[in-house]
Amino acid sequence: MARTHTVFGKVLHWGFVILYLYGIFKQVEDLSQLENSGLLWFEVAFALVFLAIVLMRYFYMRQFDTFMGAWEPVPLAHTYLAKGIHLAMYACFILLPLTGLMIAGLYNQGYTVNATPDEQQTVMDVVLGLHGLVADISYVLIVVHIAAALYSRLKGEGVWTSMVPVLKEKGPTSSPLIKRITAVENSAYARFERFFSSKSK
Ligand code: HEM
Ligand code: HEM
């Protein structure tokens, strides 16, 4: 049965989007800024709050099925794909503040230089590299997530309406083109599922 996300689930989703955007846009530009101990402690506090909210959200949302707003059953392979992307997003949202906290800890231990690629690398350079990589991966995953949400809205599956307060769906699309694309997509999922079920026999 089609359901919609709870008000708390929606507040967590959209509130977290604001927190994430704030984290990305107010980012520390380079290591030397951490000389300002006020900024260093603010960053540490922000990272701890961010981490606490991500963990609370993850455990709260676990009780709800992926695509719980869908009016029709969603292919299993599609559900696993979405679950995988959601999990990868959560992994990034945990690793971002964790590597940030490691940067703060290392800075306090005297690792105050970010070496250029031809200088000798320290543990600080490795953690800074990881911090930047995780941020870049999170951008890619979010672009995929938003594209998938828009595509689902075009199909009119009900998933959009379960989380997004605007442009609510009235029913499945009547567009022959979208219907044809969905049929191709569903047959790819079915082939994928058959492949794995024959392998597991
Ligand atoms: C236009 C922007 C966005 C739209 C339309 C959108 C839409 C949605 C929808 C419809 C769901 C529910 C999926 C389901 O029921 O299975 C969802 C879940 C989710 N969204 Fe978004 N989203 C947007 C932006 C973002 C951004 C920017 C982030 C990360 C900062 C994000 C992170 C997540 C996560 C992690 C989930 C998984 C649900 C959970 O278990 O917490 N979304 N989103
Ligand atoms: C949730 C918390 C955090 C978020 C979302 C975040 C996000 C980011 C992003 C997006 C970048 C740019 C990466 C790139 O250039 O590819 C960055 C860089 C940086 N962050 Fe964070 N960060 C967080 C926590 C922290 C903390 C706690 C510290 C240390 C106190 C920190 C220190 C730095 C530094 C020093 C850089 C610059 C790296 C460089 O020199 O290239 N971050 N952060």
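The values are calculated or read from the model by the stated rules, or taken from the named source; none is laboratory data. Since this is a predicted model, take the numbers as computed values, not measurements. Neighbour counts are summed over all protein chains in view; Cβ atoms, including those assigned to glycine, are modelled from backbone coordinates with ideal geometry.
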* Quick check: is even one residue across region 105-117 at positive phi and either outside any helix (DSSP H, G or I) or of a type in the set (D, E) (or both)? -> yes
* Asked: What are the residues in region 141-185 that are of a type in the set (S, T, Y) and either more than 18 Å from G84 (Cβ to Cβ) or within 16 Å of ligand 2 (Cβ to nearest atom) (or both), if any?
  -> T161, S162, T173, S174, S175, T182
* Structure fact -> Listed by first then second residue, the pairs whose first member lies in region 58-71 and is more than 14 Å from A82 (Cβ to Cβ), whose partner is modelled with pLDDT of 95 or more and near ligand 1 (Cβ under 8 Å from one of its atoms), with beta carbons under 8 Å and at least 6 positions apart or on separate chains, are Y58/Y90; Y60/G9; Y60/L12
* Count of region 4-30 residues which are touching a Ser or Thr at 6+ places or on another chain (Cβ under 7 Å) and either under 22 Å from L87 (Cβ atoms) or hydrophobic (A, V, I, L, M, F, W, C) (or both) -> 1
* Asked: Looking at (1) at pLDDT 95 or above; (2) within 13 Å of ligand 2 (Cβ to nearest atom), which is the one condition that is false for G9?
  -> (2)
* Asked: Among the residues of region 31-41, is any within 26 Å of N108 (Cβ to Cβ), charged (D, E, K, R) and part of a helix (DSSP H, G or I)?
  -> yes
* **Search result, residues across region 17-30 that are assigned to a helix (DSSP H, G or I) and touching a residue at least 60 places away in the same chain (Cβ under 8 Å)** => Y20, G23, I24
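So which of P117, P97 ends up being in contact (Cβ under 8 Å) with a residue 40 or more places away in the chain, within 16 Å of ligand 2 (Cβ to nearest atom) and under 30 Å from E43 (Cα atoms)?
Unique residue meeting the criteria: P97.
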* Right, Y111: farther than 20 Å from G129 by Cβ, free of Cβ contacts under 8 Å to residues at least 24 places away in the same chain and either within 15 Å of ligand 2 (Cβ to nearest atom) or out of contact with any helix residue (DSSP H, G or I) (no Cβ under 9 Å at 6 or more places or on another chain) (or both) or not? -> no
